[in-house]
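S.K.: Pasting in a structure now, in structure tokens, and then I'll have a few things to ask.
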Amino acid sequence: MREWCLRTRIAAQGRVLPVLRHQPEYRPAAAGKCRRAAAAEARRREQELEAERYVRPGQLSPRREVPGHIALPAYALDKHGRPRERDSARPKDAETIALMRVAGRAAAEILGVLGEAVRPGITTDDLDAIAHEECIKRGGYPSPLGYNGFPKSLCTSVNEVICHGIPDSTVLQDGDIVNCDVTIFLDGFHGDTNATFLVGDVDAESRRLVEVTRECLEHGIAAVRPGGTVRDIGRAIQAHAESNGFGVVRAFVGHGIGRSFHSDPQVYHYDNPSARTLLETGMTFTIEPMITIGDWRHEMWDDGWTAVTVDRSRTAQFEHMLVVTDDGAEILTRA
Ligand code: MF3
Ligand code: CO
Ligand code: CO
């Protein structure tokens, strides 16, 4: 109803109407309004539309429940969600890798379900509900829920949000891009993967960003080989991003993974000379480049999680979890 009011008023001015990401306050039209008041209202409307270009915090739904039969990671029992000990970066044995394959495949399947659900009009909280249910359906725990205090079961990062966006009442609009980052804790191991999806009809530059970001992940994976170093991965990613005129976010890295959600090594997505860790068969980690159309520097929202580009340019991300093999890498997060 409120949306309808704004629609009609602006339609009357002959403007093209976006579906609103956040509902504006309803202001009934005053009868017999003078010219000046009408102009002020037009300006206000202009500002409302400008604000719609960028993502803003929405309303959080109540915390989702996890049924008692689901095994919790240790941090889920901690008041602040702090993980205690971390796994080492050491290679994992075959039995561990087999279990990680199962967790990885589950995460990939859930990501596929989310990709099917993304469309204009759905809220990021709706996506969270889907991720939550899909984890539980598979007997797993949605790893983000409570992790270091994160309030939801999925990360949803829209347009200029780099990563760790919190699902809320935000309505996805035609032309948006949204990253869904799924992590499931299944049978003692985390499976972590993400992808950026197009919402309806997306502009050419954003589509190119998403495509190049997917390629950056592929180049990063192709750089993995035993005897090489973690540095090789970032070097390959940065070269591909920058040769396409895009930036590489520095502040967030890929990570070792297994029984811990995050462990060593830190996987930089740019050429970092300090990334000297040697890659060995059996090591498991993620590669998850965040690539920007403009400035790669970030700013944090007051919620302490949502990272956005300083210039509010769009950014995309793709993530896989993999294991180093004798002749390269095996992707563990394939459906
Ligand atoms: N899945 C993210 C990653 O790729 C981590 C999310 S942590 C959370 O590392 F707390 F925000 F969920
Ligand atoms: Co990750
Ligand atoms: Co992730």
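S.K.: At positive phi, touching a residue at least 40 places away in the same chain (Cβ under 8 Å) and more than 13 Å from ligand 1 (Cβ to nearest atom) - does that describe any residue in the stretch 114-125? Show your work before the answer.
M.R.: Step one: filter the stretch 114-125 for residues at positive phi, giving 121.
Narrowing the set further to residues that are touching a residue at least 40 places away in the same chain (Cβ under 8 Å) leaves 121.
If we keep only those that are more than 13 Å from ligand 1 (Cβ to nearest atom) too, we end up with 121.
Looking through the stretch 114-125, at least one residue is at positive phi, touching a residue at least 40 places away in the same chain (Cβ under 8 Å) and more than 13 Å from ligand 1 (Cβ to nearest atom).
S.K.: Still on this model: What about Tyr54, is it closer than 22 Å to His262 by Cβ, among the aromatic types (Phe, Trp, Tyr) and under 22 Å from the mean Cα position of the chain (by Cα)?
M.R.: Working: closer than 22 Å to His262 by Cβ: no; among the aromatic types (Phe, Trp, Tyr): yes; under 22 Å from the mean Cα position of the chain (by Cα): yes.
It is false that Tyr54 is closer than 22 Å to His262 by Cβ, among the aromatic types (Phe, Trp, Tyr) and under 22 Å from the mean Cα position of the chain (by Cα).
S.K.: State yes or no: is Gly247 open to solvent by less than 60 Å² (accessible area, probe 1.4 Å), in contact (Cβ under 8 Å) with a residue 60 or more places away in the chain, farther than 29 Å from Tyr141 by Cα and away from ligand 2 (no atom under 16 Å from the Cβ)?
M.R.: Criteria not met by Gly247.
S.K.: Is it fair to say Thr193 is open to solvent by less than 10 Å² (accessible area, probe 1.4 Å), within 30 Å of Pro120 (Cα to Cα), part of a helix (DSSP H, G or I) and within 15 Å of ligand 3 (Cβ to nearest atom)? First the steps, then the outcome.
M.R.: On the way: open to solvent by less than 10 Å² (accessible area, probe 1.4 Å): yes; within 30 Å of Pro120 (Cα to Cα): yes; part of a helix (DSSP H, G or I): no; within 15 Å of ligand 3 (Cβ to nearest atom): yes.
Criteria not met by Thr193.
S.K.: Among the residues of the stretch 262-281, write down those that are of a type outside the set (Gly, Ala, Ser), open to solvent by 10 Å² or more (accessible area, probe 1.4 Å) and out of contact with any helix residue (DSSP H, G or I) (no Cβ under 6 Å at 6 or more places or on another chain). Steps first, please.
M.R.: Initially, the stretch 262-281 is screened for residues of a type outside the set (Gly, Ala, Ser), giving 262, 264-273, 276-281.
Now restrict to residues that are open to solvent by 10 Å² or more (accessible area, probe 1.4 Å): 262, 264, 266, 268, 270-273, 276-278, 280-281.
The answer is His262, Asp264, Gln266, Pro273, Arg276, Leu278, Glu280, Thr281.
S.K.: How many residues, within the stretch 249-270, are away from ligand 1 (no atom under 16 Å from the Cβ) and either more than 27 Å from Ile177 (Cα to Cα) or assigned to a strand (DSSP E or B) (or both)? Walk me through it before giving the result.
M.R.: Applying the first criterion (away from ligand 1 (no atom under 16 Å from the Cβ)) to the stretch 249-270 yields 270.
With the extra rule that they be either more than 27 Å from Ile177 (Cα to Cα) or assigned to a strand (DSSP E or B) (or both), the set shrinks to none.
Looking only at that region, the number is 0.
S.K.: Just to check your reading of the model, which residue among Thr292, Thr284, Thr309, Thr315 is within 15 Å of ligand 2 (Cβ to nearest atom), open to solvent by less than 50 Å² (accessible area, probe 1.4 Å) and modelled with pLDDT of 95 or more?
M.R.: On the way: Thr292 fails: within 15 Å of ligand 2 (Cβ to nearest atom); Thr309 fails: within 15 Å of ligand 2 (Cβ to nearest atom); Thr315 fails: within 15 Å of ligand 2 (Cβ to nearest atom).
The unique qualifying residue is Thr284.
S.K.: Here are some residues: Ser88, Ser61. Which one is part of a loop (DSSP other than H, G, I, E, B), over 28 Å from Thr156 (Cα atoms) and among the small types (Gly, Ala, Ser)?
M.R.: Values: Ser61 fails: over 28 Å from Thr156 (Cα atoms).
When all the criteria are applied, what remains is Ser88.
S.K.: Still on this structure, I have one more. Please work out which residue is farthest from ligand 1 (Cβ to nearest atom), limiting yourself to the stretch 161-171 and to residues that are under 14 Å from the mean Cα position of the chain (by Cα) and either of a type in the set (A, V, I, L, M, F, W, C) or surrounded by fewer than 24 Cβ atoms within 10 Å (Cβ to Cβ) (or both).
M.R.: Taking the stretch 161-171 and keeping what is under 14 Å from the mean Cα position of the chain (by Cα), we get 161-168.
Remaining after also requiring either of a type in the set (A, V, I, L, M, F, W, C) or surrounded by fewer than 24 Cβ atoms within 10 Å (Cβ to Cβ) (or both): 161-164, 166, 168.
Numbers: Val161: 12, Ile162: 12, Cys163: 7, His164: 4, Ile166: 8, Asp168: 14 Å.
Result: Asp168.
S.K.: Out of (1) open to solvent by less than 60 Å² (accessible area, probe 1.4 Å); (2) over 30 Å from Asp203 (Cβ atoms), the odd one out for His320 is which?
M.R.: (2)
S.K.: OK, next. Just name the residue that is most open to solvent (accessible area, probe 1.4 Å) out of those in the stretch 207-231 that are in contact with a Leu (Cβ under 8 Å, 6 or more places away or on another chain) and not in a loop (DSSP other than H, G, I, E, B).
M.R.: Of the stretch 207-231, the ones in contact with a Leu (Cβ under 8 Å, 6 or more places away or on another chain) are 207, 210, 221, 224-230.
So of that shortlist, the ones also not in a loop (DSSP other than H, G, I, E, B) come out as 207, 210, 221, 229-230.
On the way: Arg207: 113, Val210: 6, Ile221: 25, Thr229: 33, Val230: 3 Å².
Top of the filtered list is Arg207.
S.K.: Next question, about the same structure. Among residues belonging to the stretch 295-306 that are closer than 12 Å to Arg250 by Cβ and open to solvent by 50 Å² or more (accessible area, probe 1.4 Å), point out the one that is nearest to ligand 2 (Cβ to nearest atom). Show your work before the answer.
M.R.: If we filter the stretch 295-306 for residues that are closer than 12 Å to Arg250 by Cβ, which is where we start, we get 295-298.
From the residues that got through so far, the ones that are open to solvent by 50 Å² or more (accessible area, probe 1.4 Å) too are 296-298.
Working: Trp296: 18, Arg297: 21, His298: 16 Å.
Ranking the qualifying residues of the stretch 295-306, first place goes to His298.
S.K.: If you don't mind, another one. So which of Asp176, Asp187, Asp203 ends up being away from ligand 1 (no atom under 16 Å from the Cβ) and open to solvent by less than 20 Å² (accessible area, probe 1.4 Å)? If you could, list the steps in order and put the result at the bottom.
M.R.: Values: Asp187 fails: open to solvent by less than 20 Å² (accessible area, probe 1.4 Å); Asp203 fails: open to solvent by less than 20 Å² (accessible area, probe 1.4 Å).
Within the list Asp176, Asp187, Asp203, the selection yields Asp176.
S.K.: Out of the stretch 105-152, which residues are of a type in the set (Asp, Glu), over 24 Å from Leu77 (Cα atoms) and touching a helix residue (DSSP H, G or I) at 6+ places or on another chain (Cβ under 9 Å)? Show your work before the answer.
M.R.: First, pick out the residues of the stretch 105-152 that are of a type in the set (Asp, Glu): 109, 116, 125-126, 128, 133-134.
Okay, now just the ones that are also over 24 Å from Leu77 (Cα atoms), so 109, 116, 126.
Selection gives Glu109, Asp126.
S.K.: Report yes if Lys92 is surrounded by 11 or more Cβ atoms within 10 Å (Cβ to Cβ) and at pLDDT 60 or above, otherwise no.
M.R.: Answer is yes for this residue.
S.K.: Looking only at residues in the stretch 109-155 that are assigned to a strand (DSSP E or B) and open to solvent by 10 Å² or more (accessible area, probe 1.4 Å), which one is nearest to Thr309 (Cα to Cα)? Spell out how you get there, then give the answer.
M.R.: Applying the first criterion (assigned to a strand (DSSP E or B)) to the stretch 109-155 yields 123, 141-142, 155.
This time we only want the ones that are open to solvent by 10 Å² or more (accessible area, probe 1.4 Å), so: 123, 155.
Values: Thr123: 22, Cys155: 17 Å.
By that ranking, first place goes to Cys155.
S.K.: Still on this model: Could you list, in sequence order, all residues of the stretch 57-85 that are touching a residue at least 40 places away in the same chain (Cβ under 8 Å), of a type outside the set (A, V, I, L, M) and within 18 Å of Thr170 (Cα to Cα)?
M.R.: Pro57, Gly58, Gln59, Ser61, Arg63, Arg64 - these are the residues of the stretch 57-85 that are touching a residue at least 40 places away in the same chain (Cβ under 8 Å), of a type outside the set (A, V, I, L, M) and within 18 Å of Thr170 (Cα to Cα).
The values are calculated or read from the model by the stated rules, or taken from the named source; none is laboratory data. All values derive from a computational prediction rather than experimental measurement. Please note: Cβ atoms are built from the backbone with ideal geometry, for glycine as well, and neighbour counts cover all protein chains shown. Note: accessible area is taken over every heavy atom of the protein model, side chains too, but ligands, DNA and RNA are not part of it. Shrake-Rupley method; radii C 1.70, N 1.55, O 1.52, S 1.80 Å.
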